[in-house]
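What follows is a short report on a single structure.
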Amino acid sequence: MQLVVGRIGRAHGIKGEVTVEVRTDEPELRLGPGAVLATDPAGVGPLTIEAGRVHSGRLLLRFTGVNDRTAAEALRNTLLVAEVDPDETPEDPEEFYDHQLMDLDVVTVDGTVVGRITEISHLPSQDLFIVERPDGSEVMIPFVSEIVTEIDLDEQRAVVDPPRGLLDVDQAEVDSSREDEQGEGDA
């Protein structure tokens, strides 16, 4: 099974290094020197990682045969893809690969069916489940422990405890710290 583990960003310096947006919880395993990665688009790869380092909080990689800024810039927006055993699971029991979460049924803590996960969106601040409801509409659910209370792979379901208004916009409450203070404090 193929797993996207990163996306190449812009070139860094003049010696062929690139910034990488990491999309794996195990970068030391998937993005270490010597790793050979498939690419999307496929014609760019495979790429072999020659060296890597962290600079100002960003992962920088250099690939074999990519020796200058021009060659590095040509790789921009390329996805890095690792071959993974489909039965492999992350070391941390609280972590999951995308393929494990796809098509899980989503239910609330009281058993109400929300839908099924059709996509996982990886945003800088958190991941989102894109859930298709039985009526065909979609809802986005943040993949955070306060909302997604349980992932049960044996039962193929995700249990959610959504805040008011997350699933039904009609129930959303606007929290305003401003009170109508017109007239108060006037002398």
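Listed values, structure above:
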| quantity | calculated |
| --- | --- |
| Test for THR118: is it farther than 30 Å from ASP154 by Cβ, at pLDDT 80 or above and not hydrophobic (A, V, I, L, M, F, W, C) | no |
| Segment 145-159 residues that are modelled with pLDDT under 90, paired with ones that are not in a loop (DSSP other than H, G, I, E, B) (beta carbon under 7 Å, 6 or more apart) | LEU153/GLN100 |
| Among the candidates PHE63, PHE129, residue that is at pLDDT 90 or above, under 16 Å from the mean Cα position of the chain (by Cα), over 13 Å from VAL5 (Cα atoms) and aromatic (Phe, Trp, Tyr) | PHE129 |
| All positions within segment 75-97 that are at pLDDT below 80 and within 22 Å of LEU61 (Cβ to Cβ) | VAL84, PRO90, TYR97 |
| In segment 144-161, the residues that are touching a strand residue (DSSP E or B) at 6+ places or on another chain (Cβ under 7 Å), in a loop (DSSP other than H, G, I, E, B) and open to solvent by 30 Å² or more (accessible area, probe 1.4 Å) | GLN156, ASP161 |
| Within segment 26-55, considering residues that are free of Cβ contacts under 8 Å to residues at least 40 places away in the same chain and charged (D, E, K, R), the one surrounded by the most Cβ atoms within 10 Å (Cβ to Cβ) | GLU50 |
| Failed criterion for VAL113 (all others in (1) among the β-branched types (Val, Ile, Thr); (2) open to solvent by 80 Å² or more (accessible area, probe 1.4 Å); (3) touching a residue at least 24 places away in the same chain (Cβ under 8 Å) hold) | (3) |
| Some residue of segment 75-87 being without any contact (Cβ under 8 Å) to a residue 24 or more places away in the chain, closer than 19 Å to MET1 by Cα and out of contact with any strand residue (DSSP E or B) (no Cβ under 9 Å at 6 or more places or on another chain) | yes |
| Within segment 9-25, tally of residues that are open to solvent by 20 Å² or more (accessible area, probe 1.4 Å), touching a His at 6+ places or on another chain (Cβ under 8 Å) and either at pLDDT 80 or above or not in a loop (DSSP other than H, G, I, E, B) (or both) | 1 |
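The values are calculated or read from the model by the stated rules, or taken from the named source; none is laboratory data. Everything quoted here is computed from the prediction, not taken from an experiment. With ideal geometry, Cβ positions are generated from the backbone for all residues, glycine too; neighbour counts draw on all protein chains shown. What goes into the accessible areas is simple: the full protein's heavy atoms, side chains included, and nothing from ligands, DNA or RNA. Shrake-Rupley method; radii C 1.70, N 1.55, O 1.52, S 1.80 Å.
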